[in-house]
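Following: one structure in structure tokens, then a few remarks.
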Amino acid sequence: VRNQFPITVYIGPSGKVGMGSAAKADLFFESIPDDFLDFIPEQWNWEENASFVPIMVPKFYLDLWNFGLAPSRVEYPTLS
């Protein structure tokens, strides 16, 4: 089944997603059952048609950004 939800994320100089265009990435979502998570934050919930979708980003991806790509450009913020 093909992913039907293309996503483009813009990360601005201030480090805020969606505010500016210091960096842009095309992404895709993949869902996993909550049982796969070792820890589920209290705020972790989602309802169909909600305007906000919580996501978890693997530390490996953040490390690639923070220690590989972000230092190469002054306008790329580090993310946490």
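The values are calculated or read from the model by the stated rules, or taken from the named source; none is laboratory data. The shown structure was predicted, so the numbers you read here are calculated from the model rather than taken from an experiment. Ideal geometry is used to build each Cβ from the backbone, glycine not excepted, and the neighbour counts take in all protein chains shown.
Does ILE7 qualify as being touching an Asp or Glu at 6+ places or on another chain (Cβ under 9 Å) and at pLDDT 80 or above?
No.
Restricting the search to region 64-78, which residues are out of contact with any helix residue (DSSP H, G or I) (no Cβ under 6 Å at 6 or more places or on another chain) and farther than 20 Å from PHE28 by Cβ? I'd like the intermediate steps shown before the answer.
Going through region 64-78, the residues out of contact with any helix residue (DSSP H, G or I) (no Cβ under 6 Å at 6 or more places or on another chain) turn out to be 64-75, 77.
Residues satisfying the conditions are ASN66, PHE67, GLY68, ALA70, PRO71, SER72, ARG73, VAL74, GLU75, PRO77.
Name the single residue, out of those in region 26-57 being in contact with a strand residue (DSSP E or B) (Cβ under 7 Å, 6 or more places away or on another chain) and surrounded by 10 or more Cβ atoms within 10 Å (Cβ to Cβ), that is nearest to TYR10 (Cα to Cα). Let's see the steps before the verdict.
Start the filter on region 26-57 by keeping residues that are in contact with a strand residue (DSSP E or B) (Cβ under 7 Å, 6 or more places away or on another chain), which leaves 26-29.
If we keep only those that are surrounded by 10 or more Cβ atoms within 10 Å (Cβ to Cβ) too, we end up with 27, 29.
Details: LEU27: 11, PHE29: 16 Å.
Here the residue is LEU27.
Is it fair to say SER21 is under 22 Å from SER80 (Cβ atoms) and either at pLDDT 80 or above or part of a loop (DSSP other than H, G, I, E, B) (or both)?
yes
Looking only at region 58-80, which residues are surrounded by 11 or more Cβ atoms within 10 Å (Cβ to Cβ) and assigned to a loop (DSSP other than H, G, I, E, B)?
ARG73, GLU75, TYR76, PRO77, THR78, LEU79
Going by what's in this entry, would ILE40 be described as out of contact with any Lys or Arg (no Cβ under 8 Å at 6 or more places or on another chain), of a type in the set (A, V, I, L, M), closer than 21 Å to ILE7 by Cβ and assigned to a loop (DSSP other than H, G, I, E, B)?
No: the conditions fail for ILE40.
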